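The values are calculated or read from the model by the stated rules, or taken from the named source; none is laboratory data. Treat the numbers as computed from the prediction; the structure is a model and nothing was measured. Methodologically, a virtual Cβ is constructed for each residue, glycine included, from the backbone with ideal geometry; neighbour enumeration extends over all protein chains shown. What goes into the accessible areas is simple: the full protein's heavy atoms, side chains included, and nothing from ligands, DNA or RNA. Shrake-Rupley method; radii C 1.70, N 1.55, O 1.52, S 1.80 Å.
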Amino acid sequence: MKATYRAMQITTPGMLELVERQTPEPGVGEVLIEVEACGICGADVSDIEGADPSLQPPRVPGHEVVGRIVALGEGVSSIWKLGQRAGVGRFGGYCSDCIQCRQGRFQLCESRPVVGASCDGGYAEMMLARGTGLVSIPDDLGSEEAAPILCAGIATFNALKKSGAEAGDLVAILGIGGLGHMALQYARKMGFKVAAVGRGQNIAEDALKLGAHLYIDTKAEDAPARLKSMGGAQAIVTTVGNAEAVSALMSGLAPRGRLVLLGAGKDPLLVSAGHLVGGERSVLGSITGTPFENERTLDFSVLAGVRPQIETMPLEKAFEAYQRMKSGDVRFRMVLTMKEPADAH
Ligand SMILES: [Zn+2]
Ligand SMILES: [Zn+2]
């Protein structure tokens, strides 16, 4: 094993810098992963822009990580082996002891490490990860295509499963980006009638190719009215944080319909209590899922032929890749790869 490894760390908020770090030994309950790929998620923006400048060493972002286990610490479950391919999503493990864990809701663990925020993530050649956060990667998926499934994939797959919609129901997906492009594919393969809702026409063709039966352009038409003309959406899954856009669509929800929120905006939603009460509608938030659910998401992706559409860039170009993601210039997921640049040898 190499004594040092390359990492992109947040030296000042909003900036990524390439550094060489000492390869660590995994502690109790931890493994060392040699990273092969790491997706760049929208949630990385708050990690990178809001990083604590006093933190030493500075944080390494990235929570869509796939690699190989190259060292096992003491106390790691025997299901994990050296050389095995494993991934880590947004939550890097759980404690097993808190009230949420004791109910099996590991994604709500009160002391969950948030990968890329409270512990180092995968914009690096090596990463320490807790055994409880590991996700097994099926052989049928390459590391680069598996990585985005660990956050964008599970978030949308689980949201659709929690939405209460059944085969044939109208399901609307608001926001056709990294998460939305996975949601459209899963929704189609789950047997829903899929409406993609976005701003402008430039994404329409992609949305239909990804599996939407129809595309609704909020700039050109009254989106809730269109949903209502079809009987209303049984579920609306929103991947955007913009409270105004989410609130505007809510009246398109069918009676007993559920609005499932994935975009974590800070602004309050404008909800008509009468609309909720009168039609027994509900609003719920959904936050990724457990490592087991992540494996189910990967398996379903293999089973149903769902894949993220990715563009790759090498680790050392992470800052450029990140800026492109932020400007919306990626269709649909940017993935960093860790291969050494050819001129380094
Ligand atoms: Zn994410
Ligand atoms: Zn816990």
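Across the options CYS119, PRO26, PRO53, the greatest Cα extent toward the positive end of the charge dipole of region 1-145 (unit charges at beta carbon of Lys, Arg, Asp, Glu) belongs to PRO26. Volume per residue of the convex hull around the Cα atoms, evaluated for region 1-153, comes out as 114 Å³. Converting the Cα gyration tensor eigenvalues of region 82-142 into ellipsoid dimensions via √(5λ) gives semi-axes, longest first, of 22, 15, 9 Å. What is the Cα centroid distance between region 2-22 and region 150-194, reported in whole angstrom? If you average the Cα positions of each part, the centres end up 35 Å apart. Could you work out the local net charge near THR4, counting Lys and Arg as +1, Asp and Glu as -1, over the other residues with Cβ closer than 10 Å to its Cβ? Net local charge, THR4 excluded: +1.
Annotation for GLN56 and ASP97: the two label points, set 7 Å from Cα along the Cα-Cβ direction, are 3.0 nm apart. For region 142-255, the Cα-based Rg and Dmax, in that order, read 13.1, 42 Å. Here the chain exposes an accessible surface that is 50 percent carbon and sulfur, computed with a 1.4 Å probe and the other protein chains kept in place.
Charges only on Cβ, +1 for Lys and Arg, -1 for Asp and Glu: so what's the dipole of the chain about the Cα centre, in debye to the nearest 20?
Values: 34 positive and 39 negative charges, 220 e Å.
Computed about the Cα centre, the dipole is about 1060 debye.
Number of Lys-Lys pairs in region 211-345 with C-alpha atoms under 24 Å apart and a separation of 8 or more places or on different chains: 7.
Computed over the chain, relative contact order equals 18 percent, with contacts defined as Cα pairs under 8 Å that lie 6+ residues apart.
Placing unit charges on C-beta atoms (Lys and Arg positive, Asp and Glu negative, everything else neutral), compute the dipole magnitude of region 176-257 about its Cα centre in debye, rounded to 20. Please list the in-between numbers first.
Working: 9 positive and 6 negative charges, 63 e Å.
With Lys and Arg at +1 and Asp and Glu at -1, about 300 debye.
Other residues with beta-carbon under 13 Å from the beta-carbon of GLN185 carry, at +1 per Lys or Arg and -1 per Asp or Glu, a net charge of +3. Relative to its residue count, the chain spans a Cα convex hull of 140 Å³ per residue. Placing unit charges on each Cβ (+1 for Lys and Arg, -1 for Asp and Glu) gives the chain a dipole about its Cα centre, and among THR12, HIS181, TYR94 the Cα reaching farthest toward its positive end belongs to HIS181. Only Cα pairs under 8 Å and 6+ residues apart enter the sum, and on that basis the relative contact order of region 196-345 stands at 14 percent.
Rolling a 1.4 Å probe across the protein heavy atoms gives the chain an accessible surface of 44 Å² per residue. In straight Cα distance, which lysines are under 20 Å from LYS81, not counting same-chain residues fewer than 8 positions off? Here the lysines satisfying the reach criterion relative to LYS81 are LYS2. Label positions at SER251 and GLN323, each projected 7 Å from the Cα along the C-beta direction, are separated by 4.2 nm. Hydrodynamic estimate: the Kirkwood radius of region 7-79 over Cα pairs, inserted into Stokes-Einstein at 20 °C and 1.002 mPa s, corresponds to D of 156 µm²/s.
With each label point set 7 Å from Cα along the Cα-Cβ vector, what nm distance links GLU311 and ASP299? For GLU311 paired with ASP299, the spin-label model returns 3.5 nm. For region 1-153, what is the relative contact order in percent, using Cα pairs closer than 8 Å and at least 6 residues apart in sequence? Worked out over region 1-153, it gives 30 percent. For a straight C-alpha distance cut-off of 20 angstrom, the lysines reachable from LYS162 (same-chain residues fewer than eight places away being disregarded) are LYS189, LYS193. Overall, region 5-148 carries a charge dipole of about 420 debye about its Cα centre when +1 sits on the Cβ of Lys and Arg and -1 on the Cβ of Asp and Glu, all other atoms neutral. In the chain, the DSSP-assigned H stretches of four residues or longer account for a calculated mean residue ellipticity at 222 nm of -6500 deg cm²/dmol, using -39500 (n - 2.57) per stretch and the full residue count as denominator.
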